[in-house]
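J.: Here's a structure for you.
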Amino acid sequence: MRNYILSFIALILLPAYMSGQVIKGKVLDKNGVGMPGAIVVSSTANTDTDFDGNFNINAKVGETLKVTMLGFEAVSVAATVAPMTIKMQDSQDTALKEVVVIGYGTRKKSDNTSATTSIKAEDISRTKVLNASQAIQGKAAGVQVIASDLPGSTPTVVIRGLGTALGGRSPLYVVDGMPVDNINNINTNDITSYDILKDASALAIYGNRAANGVILITTKKGSGDKITVEFDSYAGFRNALKNVKMAGSNKYSYYSNQALGNTTFSQDQPTNTDWYKAITRTGSYTQNNASLSGASEHIKYFFSLGYYDEKGILDGLDYSRLTFRNNNDFKISKKINLSQNFSVGFSHSTPKPLSAFTNAYKQSPIVPVYFPSGQYGVSFVGANGFASTTGSAFNNVGNPVAQLNFFDEQQKSITMQGGLKLDAELFKGLKFTSQFNTEYYTWKNYNYEDTQNIWLAADPTRVATTYSATANINVLTKENEDYFNWNLSNYLVYNKLIGAHDIELMAGVEQSSKGAREHIKISRKNVNANENYWSLSGVDYAANILSLTDVVSNQARLSSYFGRFQYKLMDKYLITGTIRRDGSSQFAKDYRWGTFPSVGLGWIISKENFLADVKGIDLLKLRGGWGKLGNQNVPLNNQSFASGLDGYLGGSILYPGVTVNSQVDPSLSWEITEEKTVGLDFELLDRRLKGSVDLYHKNTNNLILYTKPYLTAGVGSTSPAHVGAVSNKGYELSLRWDDKINDHLSYWIGGNFSSNKNELTSLSNPNLPDLTGGSLGNGQWTKMLNNTSIGQPLGSFFLYDYAGYDTSGQMQYFKADGSIVSQGLLGIEDRKYVGSILPKSTYGITLGVNYKNFDFSVDGYGTNGSKVYNGKKAQRFSGENIEDVLATDFFTTNNTTAANPAPFNQVPVASTYYLESGDFFRINNITLGYKLPIKKAFISSARIYCNAINPFITQKFTGFTPELNGDGNPYGSQGIELDAYPVLRSFVLGANLKF
């Protein structure tokens, strides 16, 4: 009986024995770290690895197991009884490895249905600049970056055209999941990816903050199975890329005498001051970065420390920044992972007034920096026609050197950002993510104005005893500002592969708060000259307070629900759908909620049978999308109050009067942009040629502008309302060729071109006030927005049309009816729209060569179709300097065909005479590097490099630079060269070491 039982059991177990046994193992990457999500397949079963890379699978001993993972070479190994260890190597197929960061996740690049641009870390860090956005200039089609070399400044980034006149124009930055206002506090060496979302199908997941585009920045994390230490250090010097030659003292004197009609100035001057050289120096900057990273079975860690220090070219203008970052990943269990990030940036600057550049341009060269007496030079002319400590003033320009010396200001700021992210696998295919981020910012400033000594320096004849006893001896202004923001998001992601159907579902909620921003400013007079005694305990300063401002802005809260559906059929048909519903506390109760949907479609044509065997076509993908976006950074309804409206009876106030002086539009909400786009991605000739073509059309149909109240309303202040529409139409082209000649030589060449037509298409309210902007500081303005602006780009110049000069050399202008008159006969109706700072097209190039241990690369950027205004030339008053080219060739009775009109002293009107082309092409960066053949074990890599940043430019503009960011406002100083910091040429030498 016992034998029968054993035989029966054997028969039962035989199929299981024949089918194999449980094989255990672990899949590792090339650094020995466990790989979650790798697929292991036997002849009868399949499974995927857990968070630590472990797997169990039924298989026969000796049977072949196939292990696959996106981005890695497939591995085939024989099953063994003992626990197996399988190492994966990176795939050589870059198409499999490339992924793009999208909102709340990533996606394989070939499966993406939207227009995105991903910029690699090395492409950002290669250009040695402070702000990462400046480094991407020319590297992304459809993205215009207007940069400034002013230390600590923020570039203006415009994605696919300008869609708002009064609202916020900057894209939304999301750093490691945290929405932030700017990225000045981020060390470019800490960035691992910089992804730009450009079209509505990608942007709608960010709802009412996405109309200006979204930039996703991911910072570095630890990897590998050992500690890696990296040190990068460089130093460089800087000077202006282009100088403007001004008239020397003798030419100045001749020109000014001609303008005055007399010989006020001697033609044989003893002084010839170059004011630009007097206020500038050779700039210098250094940066030192150190990082430590690594990983073990349960933790990945990254620490970095960076210090940047710059001496600006404007004398006394200094800037420094210290950054620290710590990113850690903790494996709590096989299915739970916790990520932590923290960064802090400290900045310190000693600003100087940029008006010193304009004053250096305008001040006469006959004025010395200092008189022999040691007093500051001033614009007085004596009887001998020379600059003197006595005499009559001949212009109102101060001494630029004195201006810098007396300007005593310091600013300090601290920015802290940090967060926690929890990833948990609830069951196979379903993951939950919870992320909480915070941001804290504090800023302090002081400005000490030495009022009495400034008064004395302005006139050498003045003495301290004649200074008014009631005037301030000095003024001290202190300012503080701070805010605290937070963001909490929770979402679920479900992935399922069912035969030929690949499905991903994502749904989540988000709460965010932009904390109340408090700004305190206080000005005191007659403080102790020694700053150590500015704030003394127990001292009553009330009597000396000149002004006190304490403003607390409202907290802005956002509540959101969002979801995304991604579907792929047969690995070639793609659908993406997103929807987000946002509720903002900034708007009225009935108008604070909005829904932002989008859809994206894709067709990987190259996987169709009719192209499967076509050589040279590796990828051909057609995609298109539609979506709605919002811009909540717009003017809000703010009730204005008018006081002093008192009722009197017999000379006494009977009723103290205060009234509301503005209307409220109850329907005011965010601006909404709707966009349609279509694109084609391709990879050809063994993926050596890659590129994309995009067409788009986006409309903002409820543009917010200020409107005047109707006469019967009984109020006087303007109020914001939805009254206009703006259109942006354009196309983008990107191409790149990568090739490898042999094991020692490889190269690439690439470029992109973008064209955009920006237009104010309609205005629905005839009761609009004239919005004038672009002030020149001399009573003239250059820009207009009103009902006549329809059909024009936003920020268009609105100027008088210069018509040459008459027979006496006096400037003339066209009137609206075509007649030609002098400037005294012009009216505002004679102005016309004559172009915008917004370029019609932008383009970028890149090329590089790697030969053995050498690397060489060049990047360039250019614009076409923009206009800029030479504001410093157009601001001239009597007695101010002129450019050498003007002083050399101007109208006289003996030179009636001169290029320039006769000398004049009246304030010129804002005209096309000063409007110039903003087109330029600049080499942004040239890099040459050499990797040393290190053989010592403790140094794994050593590279030395040199950079030339902005070494060459071709431009039509006669000023310092056609790249004029100004205040970043198209209706402000943007596009006007006035008080502008020049573009700099920089040369850098550095080294990178890895241990």
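The values are calculated or read from the model by the stated rules, or taken from the named source; none is laboratory data. Keep in mind the model is a prediction, meaning the values are calculated, not measured. Note that each Cβ is placed from the backbone with ideal geometry, even for glycine, and that neighbours are counted across all protein chains shown.
J.: Is it the case, given these coordinates, that Ala457 is touching a Gly at 6+ places or on another chain (Cβ under 8 Å) and surrounded by 15 or more Cβ atoms within 10 Å (Cβ to Cβ)?
T.: Judged against the criteria, Ala457 is not a match.
J.: A further question follows. Of all the strands (runs of 3 or more DSSP E) wholly in the stretch 731-792, which have at least 3 residues that are farther than 26 Å from Gln663 by Cβ and at pLDDT 95 or above?
T.: Fully inside the stretch 731-792 and qualifying: 745-763.
J.: For the subset of the stretch 521-572 comprising residues that are among the acidic types (Asp, Glu) and at pLDDT 85 or above, which member is farthest from Phe682 (Cα to Cα)?
T.: Step by step, filter the stretch 521-572, then rank; the result is Glu531.
J.: Follow-up. Is it true that some residue in the stretch 813-831 is of a type in the set (Ser, Thr, Tyr), part of a strand (DSSP E or B), at pLDDT 95 or above and over 30 Å from Val983 (Cβ atoms)?
T.: yes
J.: Return a yes/no flag: does the stretch 269-284 have any residue that is of a type in the set (Asp, Glu) and within 30 Å of Phe960 (Cα to Cα). If you could, list the steps in order and put the result at the bottom.
T.: Filtering the stretch 269-284 for residues of a type in the set (Asp, Glu) gives 274.
After this cut, where a residue has to be within 30 Å of Phe960 (Cα to Cα) as well, the list is 274.
Yes; the residues of the stretch 269-284 include at least one that is of a type in the set (Asp, Glu) and within 30 Å of Phe960 (Cα to Cα).
J.: So which residues in the stretch 198-219 are under 18 Å from the mean Cα position of the chain (by Cα), part of a helix (DSSP H, G or I) and closer than 23 Å to Ser734 by Cβ, if there are any at all?
T.: The one that is under 18 Å from the mean Cα position of the chain (by Cα), part of a helix (DSSP H, G or I) and closer than 23 Å to Ser734 by Cβ: Leu203.
J.: Just one of Tyr930, Tyr861, Tyr914 is over 27 Å from Gly751 (Cβ atoms), under 33 Å from the mean Cα position of the chain (by Cα) and touching a residue at least 40 places away in the same chain (Cβ under 8 Å); which is it?
T.: Only one candidate passes the filter, namely Tyr914.
J.: Related question: Please determine, by comparing only the residues of the stretch 449-466 that are of a type in the set (Ser, Thr, Tyr) and part of a helix (DSSP H, G or I), which one is nearest to Gly382 (Cα to Cα).
T.: Thr466
J.: Looking only at the stretch 563-603, which residues are within 23 Å of Ser692 (Cβ to Cβ) and among the β-branched types (Val, Ile, Thr)?
T.: Scanning the stretch 563-603 gives Ile575, Thr576, Thr578, Val599.
Conditions (1) surrounded by 13 or more Cβ atoms within 10 Å (Cβ to Cβ); (2) basic (Lys, Arg); (3) within 28 Å of Ala899 (Cα to Cα), marked per residue:
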| site | (1), (2), (3) |
| --- | --- |
| Met811 | yes, no, yes |
| Phe814 | yes, no, yes |
| Val821 | yes, no, yes |
| Gly827 | no, no, yes |
| Lys832 | yes, yes, yes |
| Gly835 | yes, no, yes |
| Leu838 | yes, no, no |
| Leu847 | yes, no, no |
| Lys852 | no, yes, no |
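J.: On to the next question. Looking at Thr80, Thr117, can you tell me which residue is of a type in the set (Val, Ile, Thr), in contact (Cβ under 8 Å) with a residue 40 or more places away in the chain and surrounded by fewer than 19 Cβ atoms within 10 Å (Cβ to Cβ)?
T.: That would be Thr80, the only listed residue that is of a type in the set (Val, Ile, Thr), in contact (Cβ under 8 Å) with a residue 40 or more places away in the chain and surrounded by fewer than 19 Cβ atoms within 10 Å (Cβ to Cβ).
J.: Moving on. Failed condition for Tyr307, given (1) touching a Phe, Trp or Tyr at 6+ places or on another chain (Cβ under 7 Å); (2) without any contact (Cβ under 8 Å) to a residue 40 or more places away in the chain; (3) closer than 30 Å to Phe407 by Cβ, with all others met?
T.: It fails just one condition, (1).
J.: I've got another one for you. Can you name every residue in the stretch 27-63 that is assigned to a strand (DSSP E or B), of a type in the set (Gly, Ala, Ser) and free of Cβ contacts under 8 Å to residues at least 60 places away in the same chain? Give the steps one after another, and end with the answer.
T.: To start, the set of residues in the stretch 27-63 that are assigned to a strand (DSSP E or B) comprises 27-28, 34, 39-41, 46-48, 54-59.
Going one step further and asking which of them are of a type in the set (Gly, Ala, Ser), we end up with 34, 59.
Once the filter is applied, which keeps residues that are assigned to a strand (DSSP E or B), of a type in the set (Gly, Ala, Ser) and free of Cβ contacts under 8 Å to residues at least 60 places away in the same chain, the stretch 27-63 yields only Ala59.
J.: Does at least one position in the stretch 395-402 carry a residue that is of a type in the set (A, V, I, L, M) and part of a helix (DSSP H, G or I)?
T.: Looking through the stretch 395-402, at least one residue is of a type in the set (A, V, I, L, M) and part of a helix (DSSP H, G or I).
J.: Same structure, new question: Restricting to the stretch 752-789, name every residue that is closer than 21 Å to Val868 by Cα and of a type in the set (A, V, I, L, M).
T.: Result: Leu760, Leu771, Leu776, Met784, Leu785.
J.: Which condition number in (1) surrounded by 20 or more Cβ atoms within 10 Å (Cβ to Cβ); (2) touching a helix residue (DSSP H, G or I) at 6+ places or on another chain (Cβ under 8 Å); (3) acidic (Asp, Glu) is the one that Asp268 fails?
T.: Of everything listed in (1) surrounded by 20 or more Cβ atoms within 10 Å (Cβ to Cβ); (2) touching a helix residue (DSSP H, G or I) at 6+ places or on another chain (Cβ under 8 Å); (3) acidic (Asp, Glu), Asp268 misses just condition (1).
J.: Please pick out the residue among Thr438, Thr415 that is closer than 19 Å to Leu338 by Cα and under 22 Å from the mean Cα position of the chain (by Cα).
T.: Exactly one residue qualifies, and that residue is Thr438.
J.: While we're here: Taking the options Gly929, Gly975, Gly918, name whichever one is among the small types (Gly, Ala, Ser), at positive phi and either modelled with pLDDT of 90 or more or touching a strand residue (DSSP E or B) at 6+ places or on another chain (Cβ under 7 Å) (or both).
T.: Gly975
J.: Here is a check on your reading of the model: is Ser170 farther than 28 Å from Asp582 by Cβ, among the hydroxyl-bearing types (Ser, Thr, Tyr) and not in a strand (DSSP E or B)?
T.: No, not satisfied.
Yes/no matrix, rows are residues, columns are (1) of a type in the set (A, V, I, L, M, F, W, C); (2) more than 30 Å from Leu548 (Cβ to Cβ); (3) at pLDDT 95 or above; (4) under 25 Å from the mean Cα position of the chain (by Cα):
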| site | (1), (2), (3), (4) |
| --- | --- |
| Asn480 | no, no, yes, yes |
| Asn490 | no, yes, yes, no |
| Leu497 | yes, yes, no, no |
| Ala500 | yes, yes, no, no |
| Ala507 | yes, yes, yes, no |
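J.: Given the conditions (1) more than 24 Å from the chain's Cα centre (by Cα); (2) part of a strand (DSSP E or B), and given that Gln287 satisfies all but one, which numbered condition is not satisfied?
T.: (1)
J.: Still on this structure: Just the residues that are assigned to a loop (DSSP other than H, G, I, E, B), crowded, with 21+ Cβ neighbours inside 10 Å and of a type in the set (S, T, N, Q), please, taken from the stretch 173-197.
T.: Asn185, Asn187
J.: Also, quick follow-up: Specify which of the listed residues (Asp232, Asp176, Asp199, Asp225) is at positive phi and of a type in the set (D, E, K, R).
T.: Residue meeting the stated conditions: Asp176.
J.: Let me ask something additional. Test each condition in (1) touching a helix residue (DSSP H, G or I) at 6+ places or on another chain (Cβ under 9 Å); (2) part of a strand (DSSP E or B); (3) free of Cβ contacts under 8 Å to residues at least 40 places away in the same chain for Leu476 and report the one that comes out false.
T.: (3) is the only condition that Leu476 fails.
J.: Please note which strands (runs of 3 or more DSSP E) are completely contained in the stretch 528-634 and include at least 2 residues that are surrounded by 13 or more Cβ atoms within 10 Å (Cβ to Cβ) and touching a helix residue (DSSP H, G or I) at 6+ places or on another chain (Cβ under 7 Å).
T.: Where strands (runs of 3 or more DSSP E) fall fully within the stretch 528-634 and carry at least 2 residues being surrounded by 13 or more Cβ atoms within 10 Å (Cβ to Cβ) and touching a helix residue (DSSP H, G or I) at 6+ places or on another chain (Cβ under 7 Å), they are 556-569, 573-584, 593-604, 617-631.
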